Amino acid sequence: MERSISFTLNGKPASVTTDDERALLWVLRGDLGLTGTKFGCGAGLCGACTVIVDGQAVRSCSTPIKDVAGKRVLTIEGLERDGRLHPIQEAFLKHHAYQCGYCTPGMILSAYALLLQTPRPTEAQILAAMDDNLCRCGAHVRIVAAIQEAAAPAPGGAR
Ligand code: FES
Ligand code: FES
């Protein structure tokens, strides 16, 4: 059913009029021009399309747009602040935690959700949280190192 759906997108009000069963992924990419969210499998299996909805990592390919009405959606485009990358993004850069980069937005947002829930995760917790995000380039070891770096307290305790 076509209807108007409003939500918060990267901290700003957003509204679309569309079939309310359309996947959030296609609304973000096609209607709103936010192509940082990637299409991989389209079946909830690879994590390339991961975004944050009310603090939780969700698969946007498997989320009807009606499910985010009134909620807060964060995409990779909304992670920087005042032109500065988020510490997780900085850590991915530092550790070269990517090759082609296709999985990277989903990886970073899954890591973001993990660190929201568990600011100082063990390696086992990182592996468990990231297990459903696939990287065809095999950057997993560097991805885990980047997440560990982002989770570590900075010298002097400042972040
Ligand atoms: S494209 Fe959504 S999980 Fe693969
Ligand atoms: S960096 Fe290429 S898929 Fe992960």
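Worth a mention:
- Candidate set: region 106-130, residues that are over 27 Å from Asn10 (Cβ atoms) and either among the aliphatic types (A, V, I, L, M) or modelled with pLDDT under 95 (or both); chosen: the one farthest from ligand 1 (Cβ to nearest atom): Ala124
- Members of region 62-99 found to be of a type in the set (Asp, Glu), in a helix (DSSP H, G or I) and within 21 Å of Thr8 (Cα to Cα), listed by number: Asp67, Glu77
- Of the candidates Gln99, Gln89, the single residue that is within 22 Å of Arg142 (Cβ to Cβ) and open to solvent by 50 Å² or more (accessible area, probe 1.4 Å) is Gln99.
- Flag for Ala57 being over 26 Å from Glu2 (Cβ atoms) and either open to solvent by less than 20 Å² (accessible area, probe 1.4 Å) or in contact (Cβ under 8 Å) with a residue 60 or more places away in the chain (or both): no
- Looking only at residues in region 1-35 that are on the phi > 0 side of the Ramachandran plot and touching a residue at least 24 places away in the same chain (Cβ under 8 Å), the one that is surrounded by the most Cβ atoms within 10 Å (Cβ to Cβ) is Asn10.
- Selection from region 108-148 of residues that are within 10 Å of ligand 2 (Cβ to nearest atom) and touching a Ser or Thr at 6+ places or on another chain (Cβ under 8 Å): Asn133
- Some residue of region 33-56 being in contact with a helix residue (DSSP H, G or I) (Cβ under 7 Å, 6 or more places away or on another chain) and more than 16 Å from ligand 1 (Cβ to nearest atom): yes
- If you filter region 131-159 down to residues that are among the small types (Gly, Ala, Ser) and open to solvent by 40 Å² or more (accessible area, probe 1.4 Å), you find that the one that is modelled with the highest pLDDT is Gly138.
- Among the candidates Leu116, Leu109, Leu127, residue that is over 19 Å from Leu45 (Cβ atoms) and among the aliphatic types (A, V, I, L, M): Leu116
- Region 131-146 - residue that is over 20 Å from Val58 (Cβ atoms) and in a loop (DSSP other than H, G, I, E, B) and, of those, nearest to ligand 1 (Cβ to nearest atom): Arg136
- Considering region 11-35, and only residues there that are assigned to a loop (DSSP other than H, G, I, E, B) and touching a strand residue (DSSP E or B) at 6+ places or on another chain (Cβ under 6 Å), the residue that is farthest from Leu134 (Cα to Cα) turns out to be Asp20.
- A count restricted to region 36-54 and to residues that are within 21 Å of Ala128 (Cβ to Cβ), surrounded by 15 or more Cβ atoms within 10 Å (Cβ to Cβ) and within 16 Å of ligand 2 (Cβ to nearest atom) stands at 6.
The values are calculated or read from the model by the stated rules, or taken from the named source; none is laboratory data. For clarity, every value in this text was computed on a predicted model and none was experimentally measured. Note: ideal-geometry Cβ built from the backbone for every residue, glycine included; neighbour counts use all protein chains shown. Ligands, DNA and RNA are excluded from the accessible area calculation, which covers all protein heavy atoms including side chains. Shrake-Rupley method; radii C 1.70, N 1.55, O 1.52, S 1.80 Å.
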